[in-house]
Structures are given as structure tokens and as C-alpha cells.
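Participant: Supplied in C-alpha cells, the structure appears directly below.
Since every read-out is calculated from the coordinates, none of them should be taken as a lab result. Predicted model only: the values in this text are computed from it and were never measured. Positions of Cβ are backbone-derived with ideal geometry, glycine not excepted, and every protein chain shown enters the neighbour counts.
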Amino acid sequence: MKNIHRMNLAALDLNLLVALEALLEEASVGRAADRVSLSQPAMSHALKRLRGVLGDPLLVRVGARMQLTARAEALRYPVQDALSRVRDLLIGEGFEPAHSTRTVQLLVADNASDLLLPPLLKQLQEEAPNVCIRVQPWRGNMPDPFELARVVDVAIACVPNKFKGFYQQRLFTDRDACAVRRGHPIAARMADPEAFLNAKHVAVVGREFTEDPVDTWLQQEGLTRDVALTVPHYLQALRVVAQSDLIAVIPERLIHAYAGILHVDAVAVPLDVGTFDEYILHPARNHADPGCAWLRGVLMEIAKSLGPLERKRVHKVSNRPRSKVMLRRKEKANIRAAVAAEGRVKTPAGVTVEDMKAGIATAIRKKHGHGGDHRSRAPAGRR
């Protein structure tokens with residue numbers, strides 16, 4: 001019996017099943033042929049093959065009409081169901097946000113999570129109320145890329161090089177700023193680097209770090225700040241800032257997002273912290289997945305709604321003695337100007353223009369903290 005079943009199954013193809021579905025629905029060779037765009041002789045040939053495979057006449061003449069046999073009647077709904085499943089398999093699962101109940105695995109860093117999740121959840125509530133987002137926190141030390149691609153649907157991070165084999169697209173650009181409580185008198189003095197360094201700070205040290213990346217960067221510049229409190233999350237730092245005289249260096253967009261709720265302001269850092277880019281990434285396995293594509297589109301629209309960064313205001317310190325930090329920045333500017341002039345300037349004895357270039361390049365690589373391969377100049381380790 002098993003061999004007969006195997007032989008019969010091997011004799012079938014999808015075209016025969018499509019013809020069978022049409023014959024069972026129309027109970028007429030002519031109408032079935034029209035339904036699937038076949039000639040009547042071709043449909044008659046298909047019916048002959050089906051009779052041989054199934055061992056049943058399927059259609060019999062009763063007077064002037066054709067009528068389905070009992071076996072044919074029994075096959076109607078099973079054939080419809082089988083072909084419906086095959087069509088779904090070949091076309092791929094559709095995605096209707098309003099009716100979907102799927103769960104999406106989202107890997108996202110602390111700052112991007114606090115910035116993007118509130119508007120994302122609001123939009124999901126309106127358009128896809130039964131979709132579940134399962135957030136996986138950024139751990140720093142990433143697993144094997146193949147394992148990561150298996151367990152993550154969408155990722156948001158500013159270090160795309162850690163996601164080998166993932167599609168990537170820039171989501172938004174951000175930079176660090178000082179968060180201060182609204183009305184804090186230090187805001188007026190923040191243009192002075194020494195006032196910034198001597199203020200009481202809240203440091204943010206994630207689980208994968210031993211110190212705030214801001215402090216790592218400052219140390220590379222030969223500077224230190226006064227850290228009075230260390231917390232693991234940006235939102236914790238913002239809440240402390242809102243209720244104290246402490247300040248915190250936090251991504252600027254995050255400060256603006258919670259400025260109204262927590263009554264905090266963003267003040268420019270009086271040092272060159274540069275900018276950093278956040279990327280949206282996804283594995284190749286769900287590149288064509290309509291549900292994941294929809295979610296990526298929603299995240300891109302949310303990021304677009306953030307708008308461009310505000311132009312950084314440069315404060316002038318009038319008639320004040322220049323601090324050591326400002327003098328150091330002036331010296332670096334003079335060196336850069338000398339390098340730009342190439343051979344048109346005189347260098348100190350024994351020091352060539354090439355030496356000065358090498359020194360500047362080394363300083364910049366140290367500042368990046370990533371071997372100088374990032375376009376931004378954010379503090380090393382920004383997640």
C-alpha cells in the first residue's frame with residue numbers, strides 16, 4: 001500500500017492539483033478550462049490523468065450534465081486547503097499590523113531604547129496592538145554573528161562593525177551634551193571648560209564597562225572631571241540631575257526627549273566631543289520579511305521625526321583669563337594650522353611637518369578609541 005501511495009504522489013504535480021481544484025469547483029471540463037486558462041483538450045487530458053492517479057472517474061455524465069462522484073465531493077475542501085497552504089508557502093506570509101500577534105526581538109542600546117521605545121509603543125498601540133516587542137539589552141561583548149542573526153530580528157547600535165553579515169542603515173546622528181536641572185546657575189558658566197570639569201557629575205557606567213566612556217576619553221585628553229555619583233542607566237542619571245545640582249553628560253536627543261517631563265535642559269559640552277551615528281540593522285534571514293520590514297519602516301519614520309541636531313552654540317568668554325584647557329586647544333589649533341601650511345612654515349628644531357602630522361593622527365586615534373576608523377569623534381565606547 002505504501003508503494004502505491006508513493007507512486008500516486010509521484011505522478012501528481014501542482015498543475016494537476018490546480019486542474020483538479022477547477023474541475024471540482026466547476027463540475028465542467030469547459031468551465032474548468034476557462035478558469036485556469038487552459039484549452040478544453042488540455043483540461044480533458046488532465047482529467048484523464050487524474051482519473052488514473054486517483055482511481056476514480058471524478059466526473060460522470062448524468063443526462064446532459066456532468067456530476068461529481070462521491071469521491072470527488074469528498075476531495076473538494078481538502079484540495080482547496082492543500083492548495084491554499086501551498087500558495088501561502090510560495091508567496092510568503094503576509095503581514096497585517098492590525099491583526100498580527102507576532103513577537104519581534106529587538107536589540108537596542110540604553111540611550112536609543114529610552115529615546116525610541118515610547119513613540120514606537122504609541123504607534124504600535126494605534127496600528128498593531130497585538131504585536132509584542134521583546135527588548136534585548138546591549139551587552140557590549142557580542143556573541144558569534146551567526147548566533148546573533150538567529151536570535152535578533154532588528155538591532156539599533158552605533159557600532160555596526162560588530163554586526164557582521166547584517167544589513168545596516170543610518171538611523172540618526174547624535175552628540176553628547178550636559179544635562180542640568182532647569183534654572184541651575186551653572187548653565188551660564190558651562191562655556192568655561194574648567195567650570196564643566198569642576199562641577200559635580202553623574203557618570204553612567206553600563207554593565208559592560210568599568211567606567212563611563214566619557215571619563216575614558218577625558219583621561220586620554222589628560223583631563224578629569226569630578227564624579228559624585230555613578231549609575232548604570234541614562235534615565236537614572238537624568239532623574240538625579242532633575243532633582244539635584246549634579247550634571248551629567250548624556251546624548252543630546254535623549255535630554256530633549258525628557259526635558260519637558262523632568263524639567264532639565266541640554267547645555268553644550270565646552271569640549272570637542274564630536275557626533276556619533278546610530279544605525280538600524282537586521283540579519284539577511286528577515287530582509288524580505290514583511291513584518292520586520294514594516295517595523296524597520298516605523299523606526300525610520302520615528303527617527304526622521306526627530307529632525308536634525310540643533311546647531312551647537314559657541315559661547316564667548318569675554319576678558320577672562322584663558323584656562324589650561326583652552327590654552328591646550330589653542331596650541332592644537334596652531335599645530336593644525338602649521339600642518340595645513342605644509343612647507344610654508346618653520347617647524348621647531350628637529351621636528352618635521354611629518355612628525356607633527358603623526359602626532360596629531362595619534363591623538364585623534366586615541367580620542368576615537370576605535371583605531372580611528374569611525375567618522376565621528378564621540379567618546380570611546382559610546383554604545
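Participant: Work out, step by step, the length gained on full extension between ARG87 and LEU16: first 0.36 nm times the residue separation, then minus their alpha carbon distance; give nm to one decimal.
Facilitator: The ARG87-LEU16 span can extend by a further 24.1 nm.
Participant: Can you tell me the convex hull volume per residue for segment 152-227, based on C-alpha atoms, in Å³ to the nearest whole number?
Facilitator: Values: hull volume 11.8 nm³, N = 76.
Cα convex hull per residue, to the nearest whole number: 156 Å³.
Participant: Continuing with the same structure: Which aspartates and glutamates have a Cα less than 13 Å from the Cα of LYS164, not counting those fewer than 8 places away in the same chain?
Facilitator: Within reach: ASP144, GLU147.
Participant: Moving on to the next point. Please give the charge dipole size of segment 176-273, origin at the Cα centre, charges +1 on K and R Cβ atoms and -1 on D and E Cβ atoms. Round to the nearest 20 debye.
Facilitator: So the dipole magnitude of segment 176-273 works out to roughly 460 debye.
Participant: How big is the antiparallel share of DSSP beta bridges in segment 176-273, given as a percent to the nearest 5?
Facilitator: Counting only bridges with both partners in segment 176-273, antiparallel ones make up about 55 percent.
Participant: Students often forget the sequence filter, so: which aspartates and glutamates lie under 14 Å Cα-Cα from LYS304 once same-chain residues fewer than 8 apart are removed?
Facilitator: Result set, ordered by chain and number: ASP174, ASP277, GLU278.
Participant: From the phi angles alone, apply the Karplus equation (6.51, -1.76, 1.60; θ = phi - 60°) to segment 235-240 and give each ³J(HN,Hα) in whole Hz, x where the residue is Gly or Pro.
Facilitator: For segment 235-240, the Karplus curve yields 5, 4, 4, 5, 5, 5 Hz.
Participant: Taking the Cα of LYS48, stepping 7 Å toward and past its beta carbon, and measuring to each backbone N in segment 25-40: which are under 15 Å?
Facilitator: 39-40
Participant: Give me the distance between the Cα centres of segment 221-299 and segment 137-213, rounded to whole Å.
Facilitator: Each part reduced to its Cα centre gives a spacing of 6 Å.
Participant: For q values of 0.11, 0.23 Å⁻¹, compute log₁₀ I(q)/I(0) with the Debye formula on a Cα-only model of segment 181-280, without solvent.
Facilitator: Relative scattering, expressed as log10 I(q)/I(0), comes to -0.31, -1.47.
Participant: Sort all Cα-Cα distances of segment 19-135 into consecutive 10 angstrom bins from zero, then give the percent of pairs in each bin up to the one containing the longest distance.
Facilitator: 12, 28, 18, 10, 14, 12, 5, 1
Participant: Using 0.36 nm per residue of separation minus the Cα-Cα distance, give me the extension gain between HIS99 and ARG76 in nm, one decimal.
Facilitator: Numbers: separation 23, 0.36 × 23 = 8.28 nm, distance 2.87 nm.
Between HIS99 and ARG76, full extension yields 5.4 nm more.
Participant: I want to make sure I understand the PRE zone here: with the label point 7 angstrom from the Cα of PHE209 toward its beta carbon, which residues in segment 228-254 have backbone N atoms less than 19 Å away?
Facilitator: 228-242, 246-254
Participant: While we're looking at this one, here's another question. Please identify every one of the trypsin sites (Lys or Arg not before Pro) in segment 193-266 that sits in a loop by DSSP and has no more than 13 other beta carbons within 10 Å of its own beta carbon.
Facilitator: ARG207
Participant: How long are the semi-axes of the equivalent ellipsoid of segment 211-270, defined as square roots of 5 times the Cα gyration tensor eigenvalues? Whole Å, largest first.
Facilitator: 21, 12, 10
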